[in-house]
Amino acid sequence: MRTLTRPPTAHCTMPLYISFLLSEPHYPSACRLAKLMNVSHDSVNRFLLRERFSPKDLFDQARSQLTLEGGVLSVDDSVLDKPYSHHMALVSHFWSGKHHRSVKGINLITLYYTDTKGHHLPVNYRLYDHAEGKTKNDYFIDMLTEVISWGLTPASVTGDSWYSSTKNLKTIKNKGLGFMFALKCNRQVALEHNVFMAVNAVDVPEEGLTVWLREFGFVRLFRTTLKNEHRHYALYLPDDSPLDQVSRTEFEAIHDKHWQIEQYHRA
């Protein structure tokens, strides 16, 4: 971001823009800002083109309010609906959990951190750009690597089944971190050597079950129920910590912290 050396003369400024976003979370368009704040649409566009707020700027704003070691780092994405946009950059079709179908919009990928004291804030983000030739999983690994290099040391990384590929789980393990990720119902696990079955066919007790996740290794499997549907989560601890000792209470504590990002994206 620019460092101001004198009071700005522009009609649209950073305090004005932030105030608008806080007061108008559902329709944050330049036209709406111009109408509400009595400034020209062009001055809003000039402001957005002039400023360059980067993911590192977001992290630097958040770090003073967080304990950077030992918390839970969660990944998720949401779609900003743009059904009537035809020639806008970054607009494409993405799967929407809200609409339960593919919709037209801008895809925002967020890393959200909850520290050991319960404070939680977004710490990194990406806007999906097809021109970069990356997948959402590529963005996730890039963002994870960045926040670690910036000084964040989470105890666990969490996410939904979209981000629980074997490659992602191994990357997190190699970084010395634990994780809790949802698994798709057809992911293969084994209770005994080389006897694999789909995770939704496993009888998972309330206190969890240690299984071998195919192409990864041992994880602790937990099951939850939401809207009469079972969801399965794989929990892993770094440094070969004994998974059999992970209780339901410990799983739910991590799961509750992961849920903060769901609430953030729904706000």
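Which residue out of ASN38, ASN107 is modelled with pLDDT of 85 or more and surrounded by fewer than 15 Cβ atoms within 10 Å (Cβ to Cβ)? Before you say what the answer is, go through the steps one by one.
Details: ASN107 fails: surrounded by fewer than 15 Cβ atoms within 10 Å (Cβ to Cβ).
One residue alone meets the criteria, ASN38.
Just to check your reading of the model, which residue among HIS87, HIS93 is modelled with pLDDT under 80, of a type outside the set (Ser, Thr, Tyr) and under 26 Å from SER29 (Cα atoms)?
Working: HIS93 fails: modelled with pLDDT under 80.
Answer to the check: HIS87.
Somewhere in region 47-67, is a residue assigned to a strand (DSSP E or B), crowded, with 19+ Cβ neighbours inside 10 Å, of a type outside the set (Gly, Ala, Ser) and at pLDDT 90 or above?
Within region 47-67, none of the residues are assigned to a strand (DSSP E or B), crowded, with 19+ Cβ neighbours inside 10 Å, of a type outside the set (Gly, Ala, Ser) and at pLDDT 90 or above.
Of the residues HIS232, HIS258, which single one is modelled with pLDDT under 95, out of contact with any His (no Cβ under 9 Å at 6 or more places or on another chain) and open to solvent by less than 40 Å² (accessible area, probe 1.4 Å)?
Result of the check over HIS232, HIS258: HIS258.
Which one of the conditions (1) on the phi < 0 side of the Ramachandran plot; (2) more than 16 Å from the chain's Cα centre (by Cα) does GLY133 fail to meet, given that it meets all the rest?
Answer for GLY133: the failing condition is (1).
Checking the structure you have, find out if any residue of region 16-29 is open to solvent by 90 Å² or more (accessible area, probe 1.4 Å) and either among the polar types (S, T, N, Q) or farther than 30 Å from GLY159 by Cβ (or both).
Scanning region 16-29 turns up no residue that is open to solvent by 90 Å² or more (accessible area, probe 1.4 Å) and either among the polar types (S, T, N, Q) or farther than 30 Å from GLY159 by Cβ (or both).
(1) part of a loop (DSSP other than H, G, I, E, B); (2) under 26 Å from LEU66 (Cα atoms): which one isn't true of LEU144, the others all being true?
With respect to (1) part of a loop (DSSP other than H, G, I, E, B); (2) under 26 Å from LEU66 (Cα atoms), LEU144 is out only on (1).
If HIS265 satisfies all but one of (1) open to solvent by 50 Å² or more (accessible area, probe 1.4 Å); (2) modelled with pLDDT under 95; (3) not charged (D, E, K, R), what's the number of the condition it fails?
(1)
Looking only at region 85-104, which residues are surrounded by 15 or more Cβ atoms within 10 Å (Cβ to Cβ) and basic (Lys, Arg)?
Correct list: LYS104 only.
If a residue must be assigned to a strand (DSSP E or B) and either polar (S, T, N, Q) or on the phi > 0 side of the Ramachandran plot (or both), how many such residues does region 74-100 contain?
4
Given the criteria exposed (fewer than 15 other Cβ atoms within 10 Å of the Cβ), assigned to a helix (DSSP H, G or I) and touching a residue at least 40 places away in the same chain (Cβ under 8 Å), does LYS170 qualify?
Yes, satisfied.
What is the one condition in (1) under 20 Å from ASN168 (Cα atoms); (2) buried (at least 16 other Cβ atoms within 10 Å of the Cβ); (3) without any contact (Cβ under 8 Å) to a residue 40 or more places away in the chain that ASP240 does not satisfy?
Going through the list (1) under 20 Å from ASN168 (Cα atoms); (2) buried (at least 16 other Cβ atoms within 10 Å of the Cβ); (3) without any contact (Cβ under 8 Å) to a residue 40 or more places away in the chain, ASP240 breaks only (2).
Which one of LYS134, LYS175, LYS117, LYS82 is free of Cβ contacts under 8 Å to residues at least 60 places away in the same chain, touching a strand residue (DSSP E or B) at 6+ places or on another chain (Cβ under 7 Å) and open to solvent by 40 Å² or more (accessible area, probe 1.4 Å)?
One residue alone meets the criteria, LYS82.
Give the residue that is farthest from LYS173 (Cα to Cα), with candidates limited to residues of region 137-155 that are surrounded by 20 or more Cβ atoms within 10 Å (Cβ to Cβ) and more than 13 Å from the chain's Cα centre (by Cα).
Among residues in region 137-155 that are surrounded by 20 or more Cβ atoms within 10 Å (Cβ to Cβ) and more than 13 Å from the chain's Cα centre (by Cα), the one farthest from LYS173 (Cα to Cα) is LEU152.
Yes/no matrix, rows are residues, columns are (1) open to solvent by less than 40 Å² (accessible area, probe 1.4 Å); (2) within 20 Å of ARG248 (Cα to Cα); (3) not in a helix (DSSP H, G or I); (4) not charged (D, E, K, R):
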{"position": "ALA182", "(1), (2), (3), (4)": "yes, yes, yes, yes"}
{"position": "ALA190", "(1), (2), (3), (4)": "yes, no, yes, yes"}
{"position": "PHE196", "(1), (2), (3), (4)": "no, no, yes, yes"}
{"position": "ASP203", "(1), (2), (3), (4)": "no, yes, yes, no"}
{"position": "GLU206", "(1), (2), (3), (4)": "no, yes, yes, no"}
{"position": "VAL211", "(1), (2), (3), (4)": "yes, yes, yes, yes"}
{"position": "VAL219", "(1), (2), (3), (4)": "yes, yes, yes, yes"}
{"position": "PHE222", "(1), (2), (3), (4)": "yes, yes, yes, yes"}
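The values are calculated or read from the model by the stated rules, or taken from the named source; none is laboratory data. Source: prediction; values computed, not measured. No Cβ is skipped: glycine too gets one built from the backbone with ideal geometry, and neighbour counts run over all protein chains shown. For accessibility, only protein heavy atoms count, side chains too; no ligands or nucleic acids. Shrake-Rupley method; radii C 1.70, N 1.55, O 1.52, S 1.80 Å.
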